[in-house]
Amino acid sequence: MAVRRPIPVNEPKLDGRESEYLLKCITSGWISSEGPFVGDFERLFSSYVGGQYGTAVCNGTAALETALFALGIQSGDEIIMPSFTIISCAVAALRLGAKPVFVDINRETWNMDTSQVESKVTSKTKAIMPVHIFGHPVDMDPLFDIADAYKLKIIEDAAEAHGAQYLSKTNTHTWLKCGAMGDVACFSFYANKIITTGEGGMVVTNDPAIAKRAASYRNLCFKPERRFYHTELCYNFRMTNLQAAVGLAQLERIEEFIAIKRSLGEYYRDKLSRVPGIRFQVEKPYAKCVYWMYAIEIDEATELTADLVLQRLGQYGIGARPFFMGLHAQPILQELGVTTGEHFPHTDKAYKQGLYLPSGLTLTRTQIDVVSEAMQEIMANN
Ligand SMILES: *Cc1c(COP(=O)(O)O)cnc(C)c1O
């Protein structure tokens with residue numbers, strides 16, 4: 001096996017105006033959340049998405065909790081979400097005393113199976129939380145119908161889907177950006193997301209009342225008219241000016257980043273479609289995927305599991321990561337009695353057979369060639 005420079009699973013691209021804007025923070029002394037870049041970043045990012053109001057917070061998990069609080073979610077409420085997602089989604093609900101209710105995923109997109117949602121609606125259901133997995137939009141039209149019929153709110157988790165688009169048939173028949181389709185949407189700007197602030201997040205909405213409650217929750221629920229007087233429990237989830245400085249520089253290049261992601265995603269697909277036993281996320285006709293991560297599923301018939309393939313990729317110096325373990329199977333959620341022995345076979349299978357390959361913005365086609373050859377050897381020598 002030839003010795004090569006390891007290929008990392010992700011690297012951010014920070015060669016725009018990031019250092020220039022950061023230097024401005026330092027020289028001006030504006031480093032806290034009071035600095036001017038925070039408001040600029042909120043305005044420009046929310047308008048990019050197609051929302052009127054943005055509330056910047058310290059990470060995507062905090063954005064989810066803030067959004068649920070802003071929607072008025074409280075103790076005893078139920079929120080329908082996919083089992084196949086990060087624990088942040090369940091935690092946001094649980095912290096407010098609400099109960100996450102899970103559905104399985106669609107085999108082709110790994111997104112929430114929208115046909116299972118209606119059967120989970122009860123008198124306690126208040127919201128549906130679609131998660132646009134790996135940058136592929138959820139099929140939203142069925143959710144719009146269910147939300148209408150049962151008067152539910154939609155909270156989009158668009159942490160992996162900056163700039164991804166969905167073609168809605170029931171809603172205007174135009175391409176809508178992920179984050180512009182729910183009552184409220186959440187983004188993450190963690191270092192491996194499409195654009196990054198290191199750590200960071202944002203709540204985006206068109207509803208001024210939701211935006212106001214989000215801003216309040218983020219900032220200790222201070223009363224505008226009476227500071228240091230509190231009638232609700234709160235957090236300090238503020239984003240710093242330093243983070244917003246990086247975010248602004250990243251946002252200037254978001255179209256370029258998405259073009260890179262799409263082009264590398266298509267190149268991966270072209271290369272790996274020649275390797276038997278590998279399946280990709282299917283890009284549906286209603287979707288413009290941003291390929292946040294180049295995710296694959298290993299055919300069970302090969303008798304290889306994601307674990308084994310990850311180990312072998314590691315021997316080649318190739319960084320890769322496993323899929324999410326279903327929330328229904330998380331020990332802490334079982335212990336808390338959130339799950340009730342239901343089965344989510346597609347989620348379990350994706351967890352067992354799925355992984356994602358190096359996916360950073362600095363990845364080159366030559367590196368993808370190396371990864372594809374490694375996958376070819378791993379699959380053939382099985
Ligand atoms: C990354 C991510 C989050 C959480 O964002 P953090 O900034 O890491 O807290 C939430 N949901 C999904 C789907 C994510 O991928």
- Specify the residue with the greatest mean-square fluctuation among Thr125, Thr172, Thr302, computed from a Gaussian network of the chain linking alpha-carbon atoms under 10 Å apart. Thr172
- Packing-wise, with mean Cβ within 10 Å as the measure, how do 75-86, 18-29, 138-149 rank, highest first? 75-86, 138-149, 18-29
- Between Leu336 and Lys223, what is the spin-label point distance in nm, taking each point 7 Å from the Cα along the Cα→C-beta axis? 3.1
- Task: Pop the C-beta distance of Glu266 and Thr302 into the FRET formula with R0 = 30 Å and round what comes out to the nearest 0.05.
- Result: 0.80
- Message: Show me, for segment 252-263, the HN-Hα J-couplings you get by feeding each phi into the Karplus relation (A = 6.51, B = -1.76, C = 1.60, θ = phi - 60°), rounded to Hz, glycine and proline as x.
- Response: 4, 10, 4, 5, 4, 4, 5, 4, 4, 4, 5, 5
- Task: Compute log10 of I(q)/I(0) for the chain with the Debye formula, placing one identical point scatterer on every Cα and leaving out solvent, at q = 0.07, 0.10, 0.14 Å⁻¹, to two decimals.
- Result: -0.31, -0.65, -1.23
- Message: Checking the cross-link filter: which lysines have an alpha carbon closer than 25 Å to that of Lys151, excluding same-chain neighbours under 8 positions apart?
- Response: Lys99, Lys120, Lys124, Lys126, Lys169, Lys177, Lys212
- Can you give the accessible area per residue of segment 254-380, in Å², using a 1.4 Å probe? 45
- Might you report the magnitude of the Cβ-based charge dipole of segment 1-132 about its Cα centre, with Lys and Arg at +1 and Asp and Glu at -1, to the nearest 20 debye? 200
- Task: Would you please give the residues with an amide H less than 5 Å from that of Lys153, counting only those at least 5 places away or on a separate chain, with H modeled from the backbone geometry?
- Result: Ala127, Ile128
- Item | Per-residue HN-Hα couplings for segment 219-234 [Karplus 6.51, -1.76, 1.60; θ = phi - 60°; Hz; x = Gly/Pro] | 10, 6, 6, 4, 8, x, 8, 8, 5, 6, 10, 10, 10, 9, 7, 8
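Please give the charge dipole size of segment 18-251, origin at the Cα centre, charges +1 on K and R Cβ atoms and -1 on D and E Cβ atoms. Round to the nearest 20 debye.
Charge dipole, segment 18-251, about its Cα centre: 660 debye, nearest 20.
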- Query: Once the other residues with Cβ under 15 Å from the Cβ of Lys223 are scored (Lys, Arg +1; Asp, Glu -1), what is the net sum?
  - Reply: +3
- If the label point is 7 Å along Cα→Cβ of Asn382, which residues in segment 354-371 have backbone nitrogen under 13 Å from it? 354-355
- Query: Looking at the chain, which Cys residues are left with no other cysteine's beta carbon under 4.7 Å from theirs?
  - Reply: Cys25, Cys58, Cys89, Cys178, Cys186, Cys289
- Message: To make sure I understand the rule: partners must be lysines, Cα under 24 Å from the Cα of Lys352, and not fewer than 8 residues away in the same chain. Which ones qualify?
- Response: Lys193, Lys271, Lys284
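Sort 237-250, 32-45 by packing, meaning the average of other beta carbons within 10 Å per residue, with the highest value first.
Ranking, from highest mean packing down: 237-250, 32-45.
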- Query: With point charges of +1 on the Cβ of Lys and Arg and -1 on the Cβ of Asp and Glu, referenced to the Cα centre of segment 254-380, which listed residue (Tyr268, Leu308, Phe344) lies farthest in the positive direction of the dipole?
  - Reply: Tyr268
- Task: Tally the DSSP beta bridges in the chain and give the antiparallel ones as a percent, rounded to 5.
- Result: 65
- Message: Just want the answer: with Cβ charges of +1 for Lys and Arg and -1 for Asp and Glu, which residue in Phe222, Ser33, Phe189 is farthest toward the dipole's positive end in segment 18-251?
- Response: Phe222
- Message: If I model a spin label at Lys24 and Glu255 as a point 7 Å from the Cα along the Cα→Cβ vector, what separation in nanometres do I get?
- Response: 2.1
- Message: Within segment 258-272, name every residue whose backbone N is under 19 Å away from a label modeled 7 Å from Cα of Arg4 along the Cβ vector.
- Response: 264-272
- Message: Using 0.36 nm times the number of residues separating Thr366 and Gln311, minus their current alpha carbon distance, what extension gain do you get?
- Response: 17.6 nm
- Residue-ordered couplings for segment 47-53, obtained by feeding phi - 60° into the Karplus form 6.51 cos²θ - 1.76 cosθ + 1.60 and rounding to whole Hz (Gly and Pro as x), are 6, 4, 6, x, x, 7, 10
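Report, in debye and to the nearest 20, how large the dipole of segment 254-380 comes out about its Cα centre when Lys and Arg carry +1 and Asp and Glu carry -1 on their Cβ.
Charge dipole of segment 254-380: 300 debye, to the nearest 20.
Viscosity 1.002 mPa s, temperature 20 °C: give me the Stokes-Einstein translational D for segment 254-380 in µm²/s, with Rh taken as the Kirkwood radius over C-alpha pairs.
Answer from the Stokes-Einstein relation: 135 µm²/s.
The values are calculated or read from the model by the stated rules, or taken from the named source; none is laboratory data. All of these numbers come straight from a predicted model, not from anything done at the bench. Don't worry about glycine lacking a Cβ; one is built from the backbone with ideal geometry, like all the others, and counts go over all protein chains shown. Calculation scope for accessible area: heavy atoms of the full protein, side chains included, ligands and nucleic acids excluded. Shrake-Rupley method; radii C 1.70, N 1.55, O 1.52, S 1.80 Å.
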